[in-house]
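The values are calculated or read from the model by the stated rules, or taken from the named source; none is laboratory data. None of these values were measured; they are calculated from a predicted model. Backbone-built Cβ (ideal geometry, glycine too); neighbour counts: all protein chains shown.
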């Protein structure tokens, strides 16, 4: 039994702690402890209940029961109200007690207002009134705040929290009428609904699934408290809702013809043939010529239904459609509207298919050029460190292009199958490169977050940062992705505005931009809202048309415009698109480890190292006549060229290699050779064959 419930019984029967302790033999200290902790033992609960609810007639003991029918004459207190709020919120307050306390509250207006003014300072009353929902608490007087608190106390008894009253009716009377009209059934139902909402709220804070559960979660916490899986689900829900809203803005109906001129014209449908497309067409022809405005309306609505106007053949001049049903739908606009949802869907599929074909062609051309670059680089002269490094960079870019080509192929396949959800607007290489840029920036934002979280000078920070840097870009980085918004150096814009203020066609836009910049105090101006970005684009377009150089400022808009054209409009869509993109993103393969290790040897002076020409190696193997059962020694193997040739000719021969120069270890290890490092002159084993290009130094 909770201590709060015991206190409620005390108030109900008008017991004080001192009187109760004296009457029933308890110490006041024990009673207060029970008030704080409640009672867990069932026997103790029974004893207390017998004491609090005596078997004798309560009326004879001057312990009156307060009911709604006969409210106590004692004044209601602010502490009682606070206790009521706790019990009311927990759902542990009986209906009769609810009505009884409200009746006492209504009778105690002057007493409560007086208590509030005498008990609290003016500043304290302002805080209480503000917390109870008074927006003007800081500007109100002490008396006004006390009266406001009393009204808020009254309104807190209203189950649905709303009170309406007519002109001339007092607010207090309206609240009283509404509370007294509450029945036991409505009271019970209200608490059941409140309990259900509390459970939904608790679920939203632990395991949000729906969009509104996520909104509840974020109102109480932040995105940082969401797991990676929860954030991915929230982004997907938000992105889907945004896209549905955009799609809802597309007109799905074609309105009937509004031109009065068409009321007197007859429409005829005839079948024709499209020579270029090699397919039949249905042509809607008019009985007479029409005015230009009427023709524009006809042409616009024909295009909305997937048609077009053609006069290539004089006999077949008219509005042409690839489908007879759409031609009939066009003529039906004389009498009513027409649905065009199937046209929109078909147009979307055609765009995706054509985009897929273009992306496949782009990827094939990109891969072909990359292969040619790598082949040319392999045959180029790389006998110095500088030349080797230049060609390594050339091949590195080519390997990146090969990876990009594989990525584009993968996205194109998804588009052709209709499986691209958030990448359905990808049309160009620059769109994919922008996604890579956002991913790269997200990776380094994660590194900086680790730096801030662990402290710049701690050793653990360095280890964490290095570990994150070494990880390939992955799903954990996407949490830190930002939607690119234009950020322009203020001075550059001010200079452009100054030049444009006297130029024709751009004066008004320049003045608007000047006013916009006058509100900025920082060196960089950030354009966040879509309306703000459109204003910047409009100003730059007009300035460019007037002959001014705006390229430097336009570059700040590039990534934003590319993502907008790729149908990615906010941070939730970019994060959802990046998660999908990771499934298509191919990694660059890079040079063979052997070639990398060999490149490191260029320019180094290695004593006793003389690479053996392939022709010499071939002659050596010819003379040595190595058989599969032979044991073979290569006592000065260098970078393993002779070993490679022996393995290629006799893979089952038992090889033993020795090399004294440890600088060649990386090359030999990359080739997979197990080599003994030391001086072969100190080696004393017997072999069937020995093949070598010995060092000629020191005799």
Answer yes if at least one residue in the stretch 399-412 is closer than 21 Å to residue 369 by Cβ, touching a residue at least 60 places away in the same chain (Cβ under 8 Å) and not assigned by TED's automatic domain parsing to the domain that holds residue 378, and no otherwise. no
Which members of the stretch 230-270 meet the condition of being without any contact (Cβ under 8 Å) to a residue 60 or more places away in the chain and touching a strand residue (DSSP E or B) at 6+ places or on another chain (Cβ under 6 Å)? 265, 268, 270
For the stretch 330-344, check the following and say yes or no: at least one residue is over 18 Å from residue 252 (Cα atoms), buried (at least 19 other Cβ atoms within 10 Å of the Cβ), in contact with a helix residue (DSSP H, G or I) (Cβ under 9 Å, 6 or more places away or on another chain) and modelled with pLDDT of 90 or more. no
Could you tell me whether any residue of the stretch 118-135 is surrounded by fewer than 20 Cβ atoms within 10 Å (Cβ to Cβ), more than 30 Å from residue 189 (Cβ to Cβ) and modelled with pLDDT under 90? yes
Which numbered condition residue 481 fails, given (1) in contact with a helix residue (DSSP H, G or I) (Cβ under 7 Å, 6 or more places away or on another chain); (2) part of a helix (DSSP H, G or I): (2)
Looking at 359, 404, 441, which is the one that is in contact with a helix residue (DSSP H, G or I) (Cβ under 6 Å, 6 or more places away or on another chain), at pLDDT 90 or above and surrounded by 14 or more Cβ atoms within 10 Å (Cβ to Cβ)? 359
Filtering the stretch 159-191 for residues that are within 20 Å of residue 147 (Cβ to Cβ), in contact with a helix residue (DSSP H, G or I) (Cβ under 6 Å, 6 or more places away or on another chain) and not in a helix (DSSP H, G or I) leaves a count of 2
Scope the stretch 131-147; condition in a helix (DSSP H, G or I) and more than 16 Å from residue 108 (Cβ to Cβ); matching residues: 131, 137, 138, 139, 142, 143, 144, 145
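Kindly indicate whether any position in the stretch 647-666 is modelled with pLDDT of 70 or more, under 53 Å from the mean Cα position of the chain (by Cα) and over 25 Å from residue 380 (Cα atoms). Explain how you work it out, then say what you get.
We begin by selecting, within the stretch 647-666, every residue modelled with pLDDT of 70 or more; these are 647-662, 664, 666.
Those still in the list that are under 53 Å from the mean Cα position of the chain (by Cα) too: 662, 664, 666.
If we keep only those that are over 25 Å from residue 380 (Cα atoms) too, we end up with 662.
Within the stretch 647-666, one or more residues are modelled with pLDDT of 70 or more, under 53 Å from the mean Cα position of the chain (by Cα) and over 25 Å from residue 380 (Cα atoms).
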